[in-house]
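First comes the structure, then the notes that go with it.
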Amino acid sequence: MLIYIGKRIVMAFLVAVAVSFISFMILNLSGDPAIALAGADASPEEIRLIREQYGLDRPILVQYVEWVGRALRGDFGESPYFNMPVKEIIGDRIGVTLLLGICAFAFAICLAIPLGVIAAIRPNTWIDRTALTISVFGQALPNFFFGLMLIIFFGVTLQWLPISGDDTWLHFILPAVTLGYYASPSLMRLTRTGMLDVLASDYIRTAKAKGLKMPRVLFKHALRNAIIPVVSLAFVQFGFMLGGAFVIEYVFSINGIGFLAVKSIQRADLPVVQVIVLLLSVIYVTMTLVADVFNAFLDPRIRAK
């Protein structure tokens, strides 16, 4: 088990390094950062001073190595827009995004797994077709459009819930439902497929023949084996949710790192954008690592690979 975890940690580290390098190169080669920071009306002398101040006059590989060295010491640079350390700016907003992601993740799990189990128990019935219809709508609707529909119905028409901000827990209901519903279809379909395969296996028929009650057969024997691939997808989906929070936070005016990223791109605040890309990449890689370890714990066959 320790050897398996060690291999996955090394692989996750290499992926994080590769992502940081690629994102740094793309952001710095997509245009002249000095011109973006100085503004379109800046003089050549002002642009030259900006390059010297932020070290943009050095080779790009040197800039990357220096940036990684500072990042390993916890120094992610300073935002030219806010005139304060990037670490403090991100730290003030990361909690909001994580809370939104956790709420959306909980909603997706609570919706997808029960629907998948019920659809597998009653295949090719109206229950199964209803669950699949919910799945298709969730996959087909753009999350920003679904969020706007929720805002109009629950926020404007019924006036039950607030439509913007992050002051109270009520402000997180609509964005969490929007973000979680978009992630639930794939989880629901995978749960349904896994349950159908497991329910058709010999040991499930043996358990039924021994007189075990159906709830025990479903949840102790069937769901435990069917849930293994769902766990992997669920952790990966959590990483996708944090990335998808960019749009949702902007639609609902939630002051998280997604909203900050959109504003930072508009302001050409590259130090902030670089750290946000790196942070979300590390979170995504970490979630994948956790999924691999959790699956290895559930299924000893995986540890043997």
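The values are calculated or read from the model by the stated rules, or taken from the named source; none is laboratory data. No experiment lies behind these values; they were computed from the predicted model shown. Methodologically, a virtual Cβ is constructed for each residue, glycine included, from the backbone with ideal geometry; neighbour enumeration extends over all protein chains shown. Just the protein is used for accessible areas: all its heavy atoms, side chains included, with ligands, DNA and RNA removed. Shrake-Rupley method; radii C 1.70, N 1.55, O 1.52, S 1.80 Å.
Hey, for a label at Leu170 modelled as a point 7 Å past Cα toward Cβ, could you say which residues of region 65-99 have their backbone N under 12 Å away?
The answer is none, because no backbone nitrogen lies closer than 12 Å to the label point.
Amide H to amide H under 5 Å from Ser79: which residues, 5+ apart in sequence or cross-chain, H placed 1.01 Å off N in plane?
Met84, Val86
Grab the Cα-Cα distance for Ser43 and Val236, subtract it from 0.36 nm times how many residues apart they are, and report the gain in nm with one decimal.
64.8 nm
So if each residue of separation counts as 0.36 nm, and I subtract the Cα-Cα distance between Arg70 and Val290, what length gain in nm does that give? Spell out each step's value before the answer.
Working: separation 220, 0.36 × 220 = 79.20 nm, distance 2.71 nm.
Gain on extension, Arg70 to Val290, equals 76.5 nm.
Could you tell me the accessible area of Lys263 in Å² (1.4 Å probe, neighbours in place), rounded to the nearest ten?
Here the accessible area works out near 50 Å².
Amide H to amide H, which residues 5 or more places from Ile254 or on other chains are under 5 Å from it, using H placed in the peptide plane?
Amide H neighbours of Ile254, under 5 Å, 5+ apart: Gly165.
How big is the charge dipole of region 73-132 about its Cα centre, in debye rounded to the nearest 20, if each Lys and Arg gets +1 on its Cβ and each Asp and Glu gets -1 on its Cβ? Please report the intermediate quantities before stating the final value.
On the way: 5 positive and 5 negative charges, 64 e Å.
Approximately 300 debye in magnitude.
What FRET efficiency comes out for Leu148 versus Lys87 if R0 is 35 angstrom and r is the Cβ-Cβ distance? Round to the nearest 0.05.
Working: r = 34 Å, r/R0 = 0.97.
Approximately 0.55, to the nearest 0.05.
Not counting ligands, DNA or RNA, and with a 1.4 Å probe, what is Tyr64's accessible surface area in Å² rounded to the nearest 10?
Counting only protein heavy atoms, Tyr64 exposes about 30 Å² to solvent.
Label Arg267 and Leu132 with points 7 Å out from Cα along Cα→Cβ: what is the distance between them in nm?
Rounded to a tenth, the inter-label distance reads 5.0 nm.
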